[in-house]
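Asks: Just dropping this structure here.
The values are calculated or read from the model by the stated rules, or taken from the named source; none is laboratory data. If you're wondering where the values come from, they're calculated on a predicted model, not measured in any experiment. Positions of Cβ are backbone-derived with ideal geometry, glycine not excepted, and every protein chain shown enters the neighbour counts.
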Amino acid sequence: MTDSPLVLAVPSKGRLQENASAFFSRAGLKLVQKAGGREYRGTLAGLPGVEVRYLSASEIAGQLASGAAHLGVTGEDLIREMLPDPGASVELLTPLGFGHASVVVAVPQAWIDVRAMSDLDEVASEMRLRQGRRMRIATKYVNLTRRFFAEAGIADYRIVESLGATEGAPAAGSAEIIVDITTTGTTLAANALKVLDDGVMLRSEANLVASLKAPWGETARAGLRTVLGRIAAEERARTSREVRAALPETGEIDLATLAGLHEAELPYGAPRGADGEIVMRCPVDAVFDLSDALVQAGARAVTVRRIDYAFAAENPLAERLLARL
Ligand SMILES: Nc1ncnc2c1ncn2[C@@H]1O[C@H](COP(=O)(O)OP(=O)(O)OP(=O)(O)O)[C@@H](O)[C@H]1O
Ligand SMILES: O=P(O)(O)OC[C@H]1O[C@H](OP(=O)(O)OP(=O)(O)O)[C@H](O)[C@@H]1O
Ligand SMILES: [Mg+2]
């Protein structure tokens, strides 16, 4: 097996770019773009075993599928559209909380009686019978559309592949209806289109995705552990708080029960002495209940802190992926 670096594919433009760079920098992964932002390759500061490639969101999906990139950030819609059997070539490691958008079936607002896919089925059949032609659907999501329409039992249609400005197709007369991605619905409304009640094909967001086809040599695996370890450390830190308590001078606190009640853990283990200090960690929502419970149980002082990073010996994201390679 080759010992190439970990290739990390990052959106170079479009909606996902800014959020993706912010996500990596929060995790202490500083993207360093070579040669003044014109070069589409870069590095991660301090990690020589990682090579960064700046690509469009759809190219990233393609490179993960082919194995040209090990790890990347892209939209779930693109993965599901471009890969016939996503589970066979990639692993969706974790949704990232940005790039939310839905792939939808939209028809002209003027079609007042058409509200659901079943109505569309009737329209399609009538069009075929009365006018001798098939209903045309403009989209770049050809595969997702075929699958969704097959599941809805609609076969009387034809896909007109669209390369952009899909919402304009019905007004331009190149298709009757469309399948496209939407977030606010502004573009659909501006083009007098409406989404069918049961016409949401996929709710998508940006994901961190790993390739199962890439050459996973030692250097790439080591890079993966570091990158995913930092991402997990940031996530753990952001979603939890550190709770320190001075234990009572007399008596004992049943820490195990308290921890269980408040989804807390003792990352450094139980205290060694009776009147020591303990460090717990709990979800953000559980902070006040846990602190109250500690005070009621006799703790002399309780301090709650935000954490920057919380590293751990386990690396669940990396282990899950490595188990599949
Ligand atoms: N409102 C939105 N419209 C389109 N894509 C969105 C939206 N919100 C999030 N996304 C996500 O961003 C991905 C593509 O982003 P974007 O359109 O910015 O890329 P692009 O650089 O224009 O690439 P392409 O030329 O392939 O469209 C989508 O596939 C989707 O996952
Ligand atoms: O529901 P809305 O918030 O109105 O967003 C949806 C629009 O945004 C996207 O286009 P984009 O701006 O990415 O241009 P593109 O089609 O050239 O990729 C998408 O293709 C829709 O046209
Ligand atoms: Mg776009």
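Asks: Can you tell which of Ala192, Ala245, Ala232, Ala214 is on the phi > 0 side of the Ramachandran plot, in contact with a helix residue (DSSP H, G or I) (Cβ under 8 Å, 6 or more places away or on another chain) and of a type outside the set (Val, Ile, Thr)?
Replies: Ala192
Asks: If you don't mind, there's one more thing I want to ask. So, Leu188, is that one more than 24 Å from the chain's Cα centre (by Cα) and at pLDDT 95 or above or not?
Replies: Yes, satisfied.
Asks: Counting only residues that are under 19 Å from Leu93 (Cα atoms), of a type in the set (A, V, I, L, M) and within 16 Å of ligand 2 (Cβ to nearest atom), how many does the range 26-71 have?
Replies: Looking only at that region, the number is 3.
Asks: Limited to the range 120-159, what total is found for residues that are hydroxyl-bearing (Ser, Thr, Tyr) and over 34 Å from the mean Cα position of the chain (by Cα)?
Replies: 1
Conditions (1) within 16 Å of ligand 3 (Cβ to nearest atom); (2) without any contact (Cβ under 8 Å) to a residue 24 or more places away in the chain; (3) in contact with a strand residue (DSSP E or B) (Cβ under 6 Å, 6 or more places away or on another chain); (4) not assigned by TED's automatic domain parsing to the domain that holds Val179, marked per residue:
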position: Lys13; (1), (2), (3), (4): yes, no, no, yes
position: Phe23; (1), (2), (3), (4): no, no, no, yes
position: Ala45; (1), (2), (3), (4): no, yes, yes, yes
position: Ala68; (1), (2), (3), (4): no, no, no, yes
position: Ile79; (1), (2), (3), (4): yes, no, no, yes
position: Val105; (1), (2), (3), (4): no, no, yes, no
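Asks: Checking Gly251 against (1) in a helix (DSSP H, G or I); (2) at positive phi, only one condition comes out false. Which one?
Replies: Every condition holds for Gly251 apart from (1).
Asks: Further question on the same structure: Sort out which residues of the range 170-188 are surrounded by 12 or more Cβ atoms within 10 Å (Cβ to Cβ), within 16 Å of ligand 1 (Cβ to nearest atom) and assigned to a helix (DSSP H, G or I), and write them in order of number.
Replies: Thr187, Leu188
Asks: OK, next. Answer yes or no: is there a residue in the range 267-285 that is among the hydroxyl-bearing types (Ser, Thr, Tyr) and either in a helix (DSSP H, G or I) or crowded, with 18+ Cβ neighbours inside 10 Å (or both).
Replies: The answer is no, given that none of the residues of the range 267-285 is among the hydroxyl-bearing types (Ser, Thr, Tyr) and either in a helix (DSSP H, G or I) or crowded, with 18+ Cβ neighbours inside 10 Å (or both).
Asks: Quick check on my filter: what residues within the range 289-307 are exposed (fewer than 11 other Cβ atoms within 10 Å of the Cβ) and not basic (Lys, Arg)?
Replies: Gln296
Asks: Then there's this: So, in the range 1-20, how many residues would count as being modelled with pLDDT under 95, outside any helix (DSSP H, G or I) and under 30 Å from Thr183 (Cα atoms)?
Replies: Of the residues in that region, 3 qualify.
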